[in-house]
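The values are calculated or read from the model by the stated rules, or taken from the named source; none is laboratory data. Keep in mind the model is a prediction, meaning the values are calculated, not measured. Counting neighbours? That spans all protein chains shown, and the Cβs are built from the backbone with ideal geometry, glycine included. Side chains are part of the model used for accessible areas, which takes the heavy atoms of the whole protein and leaves out ligands, DNA and RNA. Shrake-Rupley method; radii C 1.70, N 1.55, O 1.52, S 1.80 Å.
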Amino acid sequence: MSNSPCVLLGMSGGTDSSVAAILLQEAGYQVIGITFRFYEINSSVSYLEEARTLCETLGIPHLTYDARDLFREQIIQYFTEEYMAGRTPVPCTLCNNYLKWPLLTQVADEQGISHIATGHYVQKEVVEGHHYITCGADPDKDQSFFLWGLPQEILQRMILPLGTLTKTRVRAIAEERGFIQTARKKDSLGVCFCPMDYRSFLRRELGAEAFQPGRFVTEEGQFIAHHEGYPFYTVGQRRGLGIHLNRPVFVKEIRPERNEVILSSLQSTECMEFKLKDWRAIDAKELLACTNLAVKIRYRKQLNHCTVRISTEGFLQVILREPLTAVAPGQAAAFYSGHRVLGGGIIV
RNA sequence: UGUCCCAUGGUGUAAUGGUAGCACAACAGGUUUUGGUUCUGUUUGACCAGGUUCGAGUCCUGGUGGGACAA
């Protein structure tokens, strides 16, 4: 018993991490559950109770870790700052790569636990000594897009019990084991700290006076109408602009310094290349030389063939084979070779 | 002042005299560990008054309101 391997499992209280706990235990691991307190809507801690109850039922230890201050500093502040800078943030990517997984690793170290796990729908692969995230088996749930920034130290310790399963199968497993309520929980939706419209969140966080009405303009700079303030719009947005031009128009660009939002046709938002900052690669040489490289700039969206090179300023320049529309600064790009995640970065 | 053209949802537009349709917008829902995209659905309409007709958005007369040309 004492020589069976230990794993620290991040548990949100939801279906996925609960089934991960069940599966790890059945696979013979000594599981320790940990629930991070990141953000609590209306001070509700029911998720903590649910995780703890499950651990009790399974007979495994359960820890909690209050990361609310860290989360506010690293994720929420970033989130509002990005919008105020006229960009579109990717809180889930940042949280996974810079907060959730590193914290899990840190606690595992403190507890002397070798392995770490979550209920992510992703798999792993080792190629030439490098550990890679690969796509989850369920194409509808694959979350590899969010995990392009993890370092080797974390990747090599990860165990991903849901990677080979579909969501349907995961629910079935919970039900088969008698965890009916767990099985039937709704999927979480949207940003964990902002289930409502992000605009209301910005107003609540920064105060209504932080936003000034500005101008919608054409690509030529011609005035179209007034808007409520540039942070309330995002590149590629079509609906909710509050204007009707008898043709569909999309947000092409946001100019915070002039409080202007440029509108155009969808076609006019197409581009053939863009640059990434804060980019990471498992193996930079492989990334630069990859002949079947593809990039994804949106979760659950199609891959686009591309090549990359390092620009003189140190950015990673992505050259597309087919154009992409509405590439939004602040959003993430993840690189794939087949099902393998080679790296990624933040669009500038 | 004369002649001609036009009038259909919030906006722009269709329909040999026969169920008023489409696009854009708005709203609601679905999908979703980011924003956005997208999908489905819903609401809203004949300038006014007469006439012809089994039946008028459509044809006729008058009015009202726009636009163009002429002076």
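Here are some conditions: (1) within 12 Å of RNA strand B (Cβ to nearest atom); (2) within 28 Å of A:PHE211 (Cα to Cα). A:ASN259 meets all but one. Which one does it not meet?
So the condition that A:ASN259 fails would be (1).
Please specify each residue of the range A:58-77 satisfying the condition of being surrounded by fewer than 17 Cβ atoms within 10 Å (Cβ to Cβ) and within 14 Å of RNA strand B (Cβ to nearest atom).
Result: no residue meets the conditions.
If A:GLN143 satisfies all but one of (1) in contact with a strand residue (DSSP E or B) (Cβ under 6 Å, 6 or more places away or on another chain); (2) over 28 Å from A:ASN42 (Cα atoms), what's the number of the condition it fails?
(2)
Quick one: which of A:ARG171, A:ARG204, A:ARG157 is more than 23 Å from A:GLU49 (Cβ to Cβ), in contact (Cβ under 8 Å) with a residue 40 or more places away in the chain and either among the small types (Gly, Ala, Ser) or open to solvent by 30 Å² or more (accessible area, probe 1.4 Å) (or both)?
A:ARG157
Within the range A:185-217, work out how many residues are more than 13 Å from RNA strand B (Cβ to nearest atom) and basic (Lys, Arg).
Total meeting the criteria: 3.
If a residue must be part of a loop (DSSP other than H, G, I, E, B) and either open to solvent by less than 20 Å² (accessible area, probe 1.4 Å) or more than 19 Å from A:ILE282 (Cβ to Cβ) (or both), how many such residues does the range A:128-152 contain?
11
Filter the range A:294-309 for residues that are on the phi < 0 side of the Ramachandran plot and assigned to a loop (DSSP other than H, G, I, E, B); which is most open to solvent (accessible area, probe 1.4 Å)?
This residue is A:GLN302.
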